[in-house]
Amino acid sequence: MTKDLLWRGMLAGVLAALLATLFARVYAEPQVDRAIGFEASHEVHAMGHGHDDEAAEAPVSRATQKGLGLATAVVLYGAAIGGLFSLVFAYCYGRIGRAGPRTLAMLIAALGFLIIVVIPGLKYPPNPPAVGQAETIQMRTGAYFAMIVISIAALVLAARARAMTIRAVGAFNALAIGAGTYLAVIAVAQLGLPDINEVPANFPATVLWNFRIASIGMQLILWTMLGLAFGWMAEKRLRARVPL
């Protein structure tokens, strides 16, 4: 069954990613263009050469970046997330109350969006081009992925805390203990990881805000459609009772 769910998860991830790509193409890419324009105008002023010369030297054109490049990156991301999503679903199915396939899929999608996107984004929100220094990119990338890993580990720890206390204190109190455990770990991580604020003082606030909203919206669409599509596929497979 896991193999059947795996390819369905990857397919659902690709479909969700394609829809997210359309959203990004309409709402996120214009903000990227504005950010690049801001960066180019400052380079022209500082270095005294035109943006056209720099654009000609770029290894990949903007048309390719926001077309084929964007679609390829998001589809690969969606397939990977969808595969992992299906494995988590296969592990959780039958272990979380009486939740049906669709309900469980949407629950996992909601938790995934919260744990992988929202919580890390509170510490390290997405930024458009022209925000961030080249020499700190490795540190920024490492800190961001560390926040994701800590968020996932905190969820696992919270689940164990709930399981260990549910018989002693009841379902509601055990859930509260689990939630408190997760929040405590995240609070320590938020305080312990380095703060990164490299937004130029004169960077347009509306561009920054719109880019971050578009980035979150793109992720919300991806996780929502992944939960809906995979839940539908999984329900059909699990209720078909086809011999494995």
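See the values below:
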item	result
Sole exception among (1) closer than 30 Å to Glu235 by Cα; (2) touching a residue at least 60 places away in the same chain (Cβ under 8 Å) for Asn127, by number	(1)
Residue that is out of contact with any Cys (no Cβ under 9 Å at 6 or more places or on another chain) and modelled with pLDDT of 90 or more, where the choices are Gly82, Gly78, Gly97	Gly82
Any pair with Cβ under 8 angstrom, 6 or more apart, that starts in the stretch 68-80 at a residue that is among the hydrophobic types (A, V, I, L, M, F, W, C) and ends at one that is not in a helix (DSSP H, G or I)	none
Selection within the stretch 161-182 - more than 22 Å from the chain's Cα centre (by Cα), surrounded by 12 or more Cβ atoms within 10 Å (Cβ to Cβ) and of a type outside the set (A, V, I, L, M, F, W, C)	Arg162, Thr165, Asn173, Gly178, Gly180, Thr181
Selected residue (criterion: farthest from Ala189 (Cα to Cα)) from residues of the stretch 115-172 that are of a type in the set (D, E, K, R) and touching a helix residue (DSSP H, G or I) at 6+ places or on another chain (Cβ under 7 Å)	Arg162
Criterion (surrounded by 13 or more Cβ atoms within 10 Å (Cβ to Cβ) and closer than 26 Å to Glu29 by Cβ) met by exactly one of Val185, Val207	Val207
Any hit, the stretch 89-96, residues being assigned by TED's automatic domain parsing to the domain that holds Ala12, of a type in the set (Lys, Arg), within 30 Å of Lys236 (Cα to Cα) and not in a helix (DSSP H, G or I)	yes
Whichever residue in the stretch 214-242 is touching a residue at least 60 places away in the same chain (Cβ under 8 Å) and of a type in the set (Val, Ile, Thr) and, among such residues, is nearest to Ala90 (Cα to Cα)	Thr224
Matching residues in the stretch 178-207 - criterion: being closer than 30 Å to Met106 by Cα and either assigned by TED's automatic domain parsing to the domain that holds Gly37 or not hydrophobic (A, V, I, L, M, F, W, C) (or both)	Gly178, Gly180, Thr181, Tyr182, Gln190
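Table: residues versus (1) out of contact with any His (no Cβ under 6 Å at 6 or more places or on another chain); (2) polar (S, T, N, Q); (3) in a helix (DSSP H, G or I); (4) at pLDDT 95 or above.
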{"site": "Ala153", "(1), (2), (3), (4)": "yes, no, yes, yes"}
{"site": "Ala163", "(1), (2), (3), (4)": "yes, no, yes, no"}
{"site": "Ala174", "(1), (2), (3), (4)": "yes, no, yes, no"}
{"site": "Pro200", "(1), (2), (3), (4)": "yes, no, no, no"}
{"site": "Leu238", "(1), (2), (3), (4)": "yes, no, yes, no"}
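Conditions (1) in the same structural domain as Trp232 (by TED's automatic domain parsing); (2) in a helix (DSSP H, G or I); (3) touching a strand residue (DSSP E or B) at 6+ places or on another chain (Cβ under 8 Å); (4) surrounded by fewer than 18 Cβ atoms within 10 Å (Cβ to Cβ), marked per residue:
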| site | (1), (2), (3), (4) |
| --- | --- |
| Val75 | yes, yes, no, no |
| Arg98 | yes, no, no, yes |
| Met106 | yes, yes, no, no |
| Gly112 | yes, yes, no, no |
| Gln138 | no, yes, no, yes |
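The values are calculated or read from the model by the stated rules, or taken from the named source; none is laboratory data. Here the structure is a predicted model, which is why all the values come from computation and not from measurement. For neighbour counting, all protein chains shown are included, and Cβ atoms are generated from backbone atoms with ideal geometry for every residue, glycine included.
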